[in-house]
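The values are calculated or read from the model by the stated rules, or taken from the named source; none is laboratory data. Since the structure is predicted, the reported quantities are computational estimates derived from the model, not experimental observations. Cβ placement follows ideal geometry from the backbone for every residue including glycine, while neighbour counts extend to all protein chains displayed.
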Amino acid sequence: MKKLLVLIVAFSASFCFLYMLVSMDQPARHAGLKAAQLPPLIAIHNLFSAHSGSGADGAVQETASNPGTKIGWKAPSATESAVSAILTLPQTGSYPGPLPTVVMVDSRPKSGTSQDHERTVRFLANRGYAVLSIDCGALADNSGVPDAQAGFQTTGGCTAATIRDEARRLTELEIADKAALAVIGSGLGGYLALMSMALEPSLFKAAILHSTGMDRAPSAPDSQIAFKPQKAVATGPMQLGLPDQGEISSAIPAQLELAQRIESAVLITHGNADTVAPAEHAHILARALRNSGNHVETAFFNHEDHCYSRWQTRVQVARLQETFLAHQLGGRNGGYDYIELLAKLF
């Protein structure tokens, strides 16, 4: 009996010690953030779990739970008047110089992490990033426009040139560190992010694409979409060859062409039950990016749709984003959160 108790105590002590190690926060590696006075880290479960509070409304207050300052961001007269953007700066005490920066392309209808847009902005600002949110508005179908590839080239007043120009302006104003610039997009926003990276390959060091893919016009019924569910969440290289051109829709060749011009590290996440943008298209895109020499990380989620409706997915995606951006841009990376284990188990 005593030996059993000793074993239980030893196991418990070892578990607690290991958890303490993996849950330790990792400081920022970016030079500008090392000397910055950043607020306490927000735990993932406080923002993305099933019991997290609602997103912020109105101005962001400078507190640990809302760690940033929103300011207006008026586009120059030369760009589209329909574009709406908000810049969120992290709390840093004195100005540390150009910051690692994320450009978030928000589009509708909601897809991927776009329904958690406000929470994601707060999360990234807390990790030390300046965040420029570009609202690209409603879907605009220009499939009938001559020379329009992939059927959709614009959302609202947004174009790839808009995203590129706004990112450039952040670096020219010395808000963004031009060596630590990333773009994030969900659904159509992800497709615009792809286009902006291909337009100027050296601009973005990294990109995160959620639920990205445009294989058909929105009016096509879901029954026409074929997808292959995976057995489990899959991460790492995908052993999937490129399909014959006759077997894929008109959008996929356009994505493959974009992939050949991209020079960024890319994180791709996708739901295996996505009937709007089938997961197999994300596999194809990942393979094409790897063939072009890019660093690519992937995560595919069982039982998940186009909008990432499950809190378990949002928790895991938050961790993936945080770790990926910390490696690529140098922001802070919070330690392992117990809610991540629950998200993977349930």
Check: Across region 306-332, which residue is farthest from the chain's Cα centre (by Cα) among those that are among the polar types (S, T, N, Q) and part of a helix (DSSP H, G or I)?
Finding: Gln312
Notebook entry, point to check: Which one of Arg332, Arg314 is touching a Phe, Trp or Tyr at 6+ places or on another chain (Cβ under 6 Å), in contact (Cβ under 8 Å) with a residue 24 or more places away in the chain and among the charged types (D, E, K, R)?
Noted result: Arg314
Next item on the list: Specify which of the listed residues (Glu257, Glu297, Glu322, Glu247) is at pLDDT below 90 and within 24 Å of Leu203 (Cβ to Cβ).
Entry: Glu257
Item checked: region 108-155: number of residues that are over 17 Å from the mean Cα position of the chain (by Cα) and at pLDDT 50 or above -> 1
Next item on the list: Taking Gly93 as the residue in question, decide whether it is in a loop (DSSP other than H, G, I, E, B), surrounded by fewer than 20 Cβ atoms within 10 Å (Cβ to Cβ) and not hydroxyl-bearing (Ser, Thr, Tyr).
Entry: yes
Note to self: Considering only region 194-213, I want to know if a residue exists there that is in a helix (DSSP H, G or I), among the small types (Gly, Ala, Ser) and at pLDDT 90 or above.
What the structure shows: yes
Notebook entry, point to check: Could you say which residue among Gly335, Gly293 is at positive phi and either among the aliphatic types (A, V, I, L, M) or more than 18 Å from the chain's Cα centre (by Cα) (or both)?
Noted result: Gly293
Margin query: Suppose we filter Ala286, Ala299 for residues that are more than 18 Å from Ser107 (Cβ to Cβ) and either surrounded by fewer than 22 Cβ atoms within 10 Å (Cβ to Cβ) or touching a helix residue (DSSP H, G or I) at 6+ places or on another chain (Cβ under 6 Å) (or both); which single one remains?
Written below: Ala299
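For residues that are within 22 Å of Gly187 (Cα to Cα) and touching a residue at least 60 places away in the same chain (Cβ under 8 Å), tally how many sit in region 84-107.
Residues flagged as within 22 Å of Gly187 (Cα to Cα) and touching a residue at least 60 places away in the same chain (Cβ under 8 Å) within region 84-107 amount to 9.
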Margin query: Which residue is surrounded by the most Cβ atoms within 10 Å (Cβ to Cβ), if the candidates are limited to region 302-346 and must be more than 19 Å from Asn126 (Cα to Cα) and of a type in the set (A, V, I, L, M, F, W, C)?
Written below: Ala343
Notebook entry, point to check: Pick from region 28-53 the residues that are surrounded by fewer than 12 Cβ atoms within 10 Å (Cβ to Cβ) and farther than 18 Å from Leu89 by Cα: which of them is modelled with the highest pLDDT?
Noted result: His51
Next item on the list: Could you figure out which of (1) farther than 30 Å from Ala279 by Cα; (2) modelled with pLDDT under 90 isn't true of Pro100?
Entry: (2)
Next item on the list: With the condition kept exactly as written, say whether any residue in region 270-288 is part of a loop (DSSP other than H, G, I, E, B) and acidic (Asp, Glu).
Entry: yes
